[in-house]
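One structure is given below, encoded as C-alpha cells.
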Amino acid sequence: MMNLGPLTIDLILCGLTFGVLSVDLALPHGRKRALGYLTAVLLAGLFVVSFFIDVSGSALSGAYQGDAWVLFFKRFALVAGVFVSLGAVDYVDRHFPTRQGEFWVLMLFTLLGMTLLPGARDLLLLIVCFELMGLPLVVLASFAKSEDKTGPGQFAPEAGLKLYLVSSVSTAITLYGVSIIYGLSGTTKLAELGGVGVSPMLFVGLAFALAGMGFKIGAVPFHMWVPDTYQGTSTPFVSFLSVAPKATGFAALAAVLILGFAHQKAAWAPLVLFVLVTSIFFGNLFALAQKDLKRLLAYSGIAQVGYMMIGLLTADAYGMGMLLFYIAGYLVTNMGAFLVLHAVAPNRSTITLDDVRGLSRRSPRLALALLLFLLSLAGIPFVVGFWAKLYVFMAAYRAGYTWLVLYGALMAIVALFYYLQIAKAAYMEEPTDAEPIRVDGSLDAVVMACMALVVVMGLYPSPFLQGAMAAARALFG
Amino acid sequence: MELLHVALAVLFVPLGIAGLLMIVAPLRRSGRAAGVLSVLGSLFALAGSLYLFAALFGASGSELDRLTTTWLPHARLGAGRLASPIELGVLLDGISVSMLVVVCFVACMVQIFSLGYMSHEPPADFGRYFTWQSLFLFAMNTLVIAPNLLQLFLGWELVGLASYLLIGFYFRKPSAARAAVKAFWMTKLADMGLIAGLIVLFRETGTFDWTVTTPAATVVTFLLFIAVMGKSAQFPLHVWLPDAMEGPTPVSALLHAATMVAAGVFLIVRADPLFAQAAFTREFMLYIGAFTALFAACIAVVQSDIKKVLAYSTCSQLGYMVAALGAGSQVAGFFHLTTHAFFKALLFLAAGSLIHAVHSNELRQMGGLFSKMKLTSICFIVGALALAGIPGLSGFFSKDLILEVVLARGAYVPLAALLVAAFLTAFYMGRVVLLALFGAPSEAAGHAHESGVSMTLPLVLLSVLALGSGYAGAQLSGLYAEPVHFHLSTIGIVATGLALTGIAVSFWMFGPAKGGAAVQAAFAPLGRVARSGAVDQLYLLGYRRGLRGLAAGAAWFDRYMIDGAINAAAYGTLELGGRLRRLQNGDVQTYLYVVAMAAVLFALAGLVGVG
Amino acid sequence: MELTHYLLLAAALFSLGLYGVASRPNAVGLLASIELMANAVNLNLVAFSRFQGQQTGQIFALFATAITVAEVVVGLALVIVLFRSRGDVRLDLAKELKG
C-alpha cells in the first residue's frame, strides 16, 4: 500500500480542479461567474482542512516529503489562490464571460504545481512540478483575446510571449544544468546529490540550474520579462503572478541549494550574493524612473526578491525563517497593492500615476489601503514590511554580512522615494477624475483582508514569526 | 467569568468603538449616535473594571492574574547576548486594577458630561470628539495594565497622541492648535528621557521588567523621571499644562485631572522597585515635587481664569504626589493620585458647567452663581473643600498621608514647602469659590441657569467619591505591599489649621467684607510675575538665543552641505535609473541574450573560481 | 565512442540552440532553437545513463521530452495569437512594452 499522506492536499486539489472543470461543463452561459466563487470557496475550504490533517512523512519512495516547511508553502499557495480568485472574479466575468472555466482550471493547475513542488525531493519531480506551475501561468498571462484592442488584450500577446520565451529558454538551460548534475552524481535524489565533490563541471551544472529558478523569482539578470509582462497582462492576474511563483521559486532554490548542495555552499554563495546585490540595486534604480505603476511595482518586486534572498544566503534556519516571514508579508502587501491598482482602473492593463492622483478623495478606503501597502513595501513601522526587513537584516548581521545590512538599508531609502511618490499622489494631489470609485464586492473584501493582515502582522508579528521559524526548522530536519 | 477576558474586553471595547467611528464615516458624522456609542463603551469599561476591582478583594495575593504574549521573539543583541522575548499583555494587580477603576470612572463621567457640554457642536465635530475620547480610553488603559515598561511606553505615546487630538479639538482656533502642538512637543521632549531610560534598561538587563535589580537603576530612573516631569507637568517642564486649557473643559477634566498627567505619577508607582534602588533620583523627586507644589500654588493664587487656577492647582497637587513618591511611599503617592482624580475631575466638570452657563472662563464674568446653579455650586464647593484638605473629605486623608511620610523622612525643607502650599491651596480655592459663586453677579451670570441632567449627574456621582473615597484608603493600602495606618497626627492637625486659615483669609479678602486690600496689594507683584509667564519667557529666550542660533548654523550646514550631497546623490541616482532603463528595450531577444549570457558567465566564473 | 564525445555533441547542440534563441527574429525559428536545446539535454541524459549503467537518465529523458512537447504546444498557440494580432511572427517588431 503506497503512503500518500503527504500528498493529501495536492490530491484533493487535483480532484477539485477536475470538479471545477465538470461544473463548468454543466453551467449555462451567463452563469459562469459562479465558477470564480466556487474556486475561492473550495480553496478556502482546503486551506482550513490543511489545519486538521497530518501531511508529514515520506512518500513515493522518498521522492516526496511532507513537513512543516512544505505545509507552509502549500498554505501560502492556497491563500494566494483564494485572494486572486476573489480579486479577479469580476474581471474574469466581464472580460471572458464564456471562457471563465478555462481560466479557473488553469489557475487551479498552476496552484497544484505550487503545492506539489516544495515537497519534491527528487530533481525529476521538481522539474515536472516546475512546469506544471509554469505553463498554465503562460497561458493565463496571454489569456485576454487580442481582438480586444483597447482593453486588457492590447498587450496581452506580447506580454505572454515574452513570459513564455524567457520561461522556456530558462527551463532549457535549467534542464541542461540538471542533466550535468545528474551525470556527475549519478542520481536525481536531492539527498544524495551532495556526495559529489566540488568540481568545475558541477559548478557549470549548478549555475545553469539556478538560471531557471532565478527566472521564476524574477531576480537580476533573469528579470527582464518581469516589468513587460506585469505591464501587459491583466492586473488581478499580476497580483498573483508577482507573489505565488516567487514563493515556489524560493522553495525550489532551497531544495537544490540547501537540501542538495549545503556542503558546497562556498561554491554557490557568491552567485546568490551577486544576484541579490544586483537585484536590490537594479530593481530600485529602475523603479525610480517609472511612470507606469505596474512597471514600478514590478521593479520594486525585483528589489524585494533581493532582500528575500538574504535568507537563502545565510542558509541557516534563522535566515530561512525570516525569508518565509518576509514572503508571507509580501503576499498580503503586494497582492493588496496590485489589487488596489486593479480596483482603481478595472478595465485597463496600463495604470499610471494619474490614475491614483487624489485617490483619497475618490475612495478614502482604497487610498488608506494603498498607503499601508506602500508603507509596508518601504519597510516603515508598524506594518508587516518593517519586521520583514528588520529580521532579514538581523539574519544577515548574524551571518556576518554587516555591509549587506548597510547596503540594504541605503537602498531601502532610495525605494522610499518612489513608494512615497505614489502615496503623495494619492493623498496630496487633485484627482484628474473626481468620480467616486465603485469597487466590486469581493475585490473590496480581499483588499480589506490584505490591509487587515498587513496591520495585524505589523502590530503583532510574533505568532507569524514563530510559525515561519518552525517551518524553516523543519527544512533543516 | 475569566478575569483576563474581562480585562481584555475593558481594553478593546473602547478601541473597537473608536475604530468603528473612524472607519464608518456616516456613523461618526451622525454625532449623537457616535456619542451614545462611545458612552456605552466607557460604561462597559467601567463595569468591567469594577468587576475586576471586586475580584481584587477576594484574591489572596496582590497580583490577580497576568497574561503575556510574545510580541517579538528572538530579540537578539548580537553575538552571545540573548535577550528575553519582548512581551505584551495584561497585568492585573492592586495598582493596575485600582487605577483602571479610576480611569474608567472619570472617563465615563467625562463622556456623559460631554454629551451635554458639547451638544452645541456640529454633529461631525461631536462625533470626532467622541472618537478621540474612546481612543484615549484605550490608550490610557493600555498604559495602566501594562505588564512591562515597553507596553507602558506604547500606551504612553498613544496617550500623547490622543491628548494632542483632544487638546487641539478646536483646531480652527489658532491658540488651541498652538496649545496642542506645545503640549505635544513639551511632552515629546521629555519622552526622550523615557526612550533613553528604556534603552539603558534593556541594554543592561535585556528586559523591560520593572522588578529587575540593576546597578544602572539610578541612571534609568532619572531618565524615566525626566519623562514624568514632562507628562505630569513638574517644574520646569510644566509650561504646557496651563496652555492646554484651550481644549474643551471636559477634556481638561479627563486629561489634567485623572489620566494623562497622572500617567507620569503612575509610571513611578509602577516602577517603584526600580526607583527604590535609586536614592538619588528619589531625593531629586522629593525636592522637585515640593517645589512644584509650592510654585504652582503661588501662581494659582493670582489667576483670573477659572480653568487656569485649576490647571496650576493640578501642577501643585502632582507635585505633592511626586514628593510623596520621592519620600519613598508608593501608597501615599498613589492614594493622592486616586483622590485627586475624583475631586479634580469634579472641579473641572463643575467649572465646565459654570463656563457653559456664562460662556466665559473669566472669574470676573461669573459671581453670584450660587443662587442660579445650586447643584453645580454645591458640587464645586465639595470639590474645593476636598482639594483644600478639610477633614472628613477625601483630599484630607491623602494629603495628610503625604505630609506624614515626608515628615517621617525628616525632609523639613520640602515639608515646609508642602505646608505652605497647603495653606495657599485652601486660599486660592476659597478665592475661586467666593468670586465665582458668591458676590455681585455679573451681567452674564444674571442669565445663567442650571445645566441639564447629563451634566449634573456626573457631578453628583463624582461628589460622592470626592467626599467618600478617602475612607477607602485604609482598605486600599491592604492591596499593596506597604501597610498604612490612618490616624489623626500632629502634622494633620497643623495642615488642617493652615487650610482653615487659608479659607478664612480668602473669606476676609474676597468675602462680603472685601477687606484686606493691603494683602491683595502685597500679592500684586507675584501676580505680575505669574502673568508674565517667567518660565515661558525663559524658554522663549533659550529658544531664541540658544536654539535658534544653533538651528541657523545647523540649517546652513544642512542646506549647503547635506542637502547638496543628498541632492547630488538623488540626481545621480535618478539619472542613472533613467539611463539604465534603455537596457530594457522591449526586445525579447535582448532579454534572452542576457539570460543566456548570464548563465554562461556564471558557469565561466565558476570554472575560473573553482578550477 | 566515449562519454565525452556525446557530451561535446550535446554541448554543441545546446550552444547552437542558444545562439538561435538570441538571433532568430522569426518566432517559429526561435521555437525550433529551443527544441535544439531540449534535445541537447536529452542527449546528455541518455548518454550519462548509458555509461553509468542505470535507467534514471532515460526515464528523465522521457519526462523531459513530454515537458518540451507541452511547452512547444503552448508556444505555437502563442505564435498564432501573435500572428492574428499583428499579421506576422517577427519578434523584433513586438516591443511595445519596454522601459
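The values are calculated or read from the model by the stated rules, or taken from the named source; none is laboratory data. What you see is a predicted model; the values in this text were computed from it and never measured. Cβ coordinates were reconstructed from backbone atoms using ideal geometry, including for glycine residues, and neighbour counts include every protein chain displayed.
See the values below:
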quantity: Condition check for B:LEU40: in a helix (DSSP H, G or I) and modelled with pLDDT of 85 or more; calculated: yes
quantity: Among residues of region A:24-57, those that are in contact (Cβ under 8 Å) with a residue 60 or more places away in the chain, of a type outside the set (A, V, I, L, M) and not in a loop (DSSP other than H, G, I, E, B), counted; calculated: 5
quantity: Pair list, Cβ under 7 Å, 6 or more apart: region C:66-79 residue closer than 11 Å to A:VAL139 by Cβ and surrounded by 15 or more Cβ atoms within 10 Å (Cβ to Cβ), other residue hydrophobic (A, V, I, L, M, F, W, C) and modelled with pLDDT under 90; calculated: C:LEU78/A:LEU161
quantity: Where a residue in region A:456-477 is at the interface with chain B (Cβ under 10 Å from one of its Cβ atoms) and its partner, wherever it lies, is part of a loop (DSSP other than H, G, I, E, B), with Cβ under 7 Å and at least six apart; calculated: A:LEU459/A:PHE382; A:SER462/B:PRO73; A:LEU465/B:PRO73; A:GLN466/B:PRO73
quantity: Test: residue in region B:193-200 that is touching a Gly at 6+ places or on another chain (Cβ under 8 Å) and of a type in the set (Gly, Ala, Ser); calculated: yes
quantity: Output for region A:1-23, where each listed residue is more than 18 Å from A:MET114 (Cβ to Cβ), in a helix (DSSP H, G or I) and out of contact with any helix residue (DSSP H, G or I) (no Cβ under 7 Å at 6 or more places or on another chain); calculated: A:GLY5, A:GLY19, A:SER22
quantity: Residue match in region B:315-325 (condition: over 24 Å from B:LEU143 (Cα atoms), in contact with a Ser or Thr (Cβ under 9 Å, 6 or more places away or on another chain) and of a type outside the set (D, E, K, R)); calculated: no
quantity: Some residue of region A:278-289 being crowded, with 23+ Cβ neighbours inside 10 Å and over 30 Å from A:ASP355 (Cβ atoms); calculated: no
quantity: Yes/no for B:ALA180 being touching a Gly at 6+ places or on another chain (Cβ under 6 Å), crowded, with 20+ Cβ neighbours inside 10 Å and not charged (D, E, K, R); calculated: yes
quantity: Matching residues in region B:221-244 - criterion: being under 21 Å from B:PHE153 (Cα atoms), small (Gly, Ala, Ser) and either out of contact with any Gly (no Cβ under 6 Å at 6 or more places or on another chain) or without any contact (Cβ under 8 Å) to a residue 40 or more places away in the chain (or both); calculated: B:GLY230, B:ALA233
quantity: Considering residues of region C:39-98 that are away from chain B (no Cβ under 14 Å) and part of a loop (DSSP other than H, G, I, E, B) only, the residue nearest to A:CYS129 (Cα to Cα); calculated: C:GLN55
quantity: Residue in region A:282-294 that is farther than 21 Å from A:LEU313 by Cβ, under 20 Å from the mean Cα position of the chain (by Cα) and aliphatic (A, V, I, L, M) present; calculated: yes
quantity: All positions within region A:419-468 that are among the small types (Gly, Ala, Ser), under 26 Å from A:LYS291 (Cα atoms) and crowded, with 16+ Cβ neighbours inside 10 Å; calculated: A:ALA423, A:ALA425, A:ALA426
quantity: Residue that is nearest to A:VAL305 (Cα to Cα), among those in region A:222-249 that are part of a helix (DSSP H, G or I) and of a type in the set (A, V, I, L, M); calculated: A:ALA247
quantity: Residue list for region A:222-241, restricted to those being under 20 Å from B:ALA603 (Cβ atoms) and either away from chain B (no Cβ under 12 Å) or in contact with a Gly (Cβ under 8 Å, 6 or more places away or on another chain) (or both); calculated: A:PHE222, A:HIS223
quantity: Among residues of region B:399-413, those that are within 22 Å of B:CYS298 (Cβ to Cβ) and either among the β-branched types (Val, Ile, Thr) or modelled with pLDDT of 85 or more (or both), counted; calculated: 3
quantity: Pair list, Cβ < 6 Å and 6+ apart or interchain, from region B:340-361 residues that are closer than 29 Å to B:PHE266 by Cβ to residues that are among the basic types (Lys, Arg); calculated: B:ASN361/B:LYS307
quantity: Residues within region A:32-57 that are touching a strand residue (DSSP E or B) at 6+ places or on another chain (Cβ under 9 Å) and either among the acidic types (Asp, Glu) or within 13 Å of A:LYS74 (Cα to Cα) (or both), tallied; calculated: 3
quantity: Residue among A:ALA266, A:ALA209 that alone is surrounded by fewer than 23 Cβ atoms within 10 Å (Cβ to Cβ) and either outside any strand (DSSP E or B) or not polar (S, T, N, Q) (or both); calculated: A:ALA266
quantity: Selection count, region B:584-604, where residues are loosely packed, with under 15 Cβ neighbours inside 10 Å, part of a helix (DSSP H, G or I) and within 12 Å of chain C (Cβ to nearest Cβ); calculated: 1
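One line per residue, one yes/no per condition, for (1) among the polar types (S, T, N, Q); (2) touching a Pro at 6+ places or on another chain (Cβ under 8 Å); (3) more than 24 Å from A:LEU117 (Cβ to Cβ):
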residue: A:LEU288; (1), (2), (3): no, no, yes
residue: A:ARG295; (1), (2), (3): no, yes, yes
residue: A:SER300; (1), (2), (3): yes, no, yes
residue: A:MET309; (1), (2), (3): no, no, no
residue: A:GLY321; (1), (2), (3): no, no, no
residue: A:THR333; (1), (2), (3): yes, no, no
residue: A:ALA337; (1), (2), (3): no, no, yes
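Residues checked against (1) among the hydrophobic types (A, V, I, L, M, F, W, C); (2) at pLDDT below 80; (3) surrounded by 21 or more Cβ atoms within 10 Å (Cβ to Cβ):
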position	(1), (2), (3)
B:ALA426	yes, no, yes
B:VAL433	yes, no, yes
B:GLU443	no, yes, no
B:GLY446	no, yes, no
B:GLY452	no, yes, no
B:PRO458	no, no, yes
B:VAL464	yes, no, no
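Residue-wise test of (1) of a type in the set (Gly, Ala, Ser); (2) under 15 Å from the mean Cα position of the chain (by Cα); (3) at the interface with another protein chain (Cβ under 7 Å from one of its Cβ atoms).
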{"residue": "A:VAL138", "(1), (2), (3)": "no, yes, yes"}
{"residue": "A:ALA144", "(1), (2), (3)": "yes, no, no"}
{"residue": "A:LYS162", "(1), (2), (3)": "no, no, yes"}
{"residue": "A:GLY197", "(1), (2), (3)": "yes, no, no"}
{"residue": "A:PHE203", "(1), (2), (3)": "no, no, yes"}
{"residue": "A:VAL243", "(1), (2), (3)": "no, yes, no"}
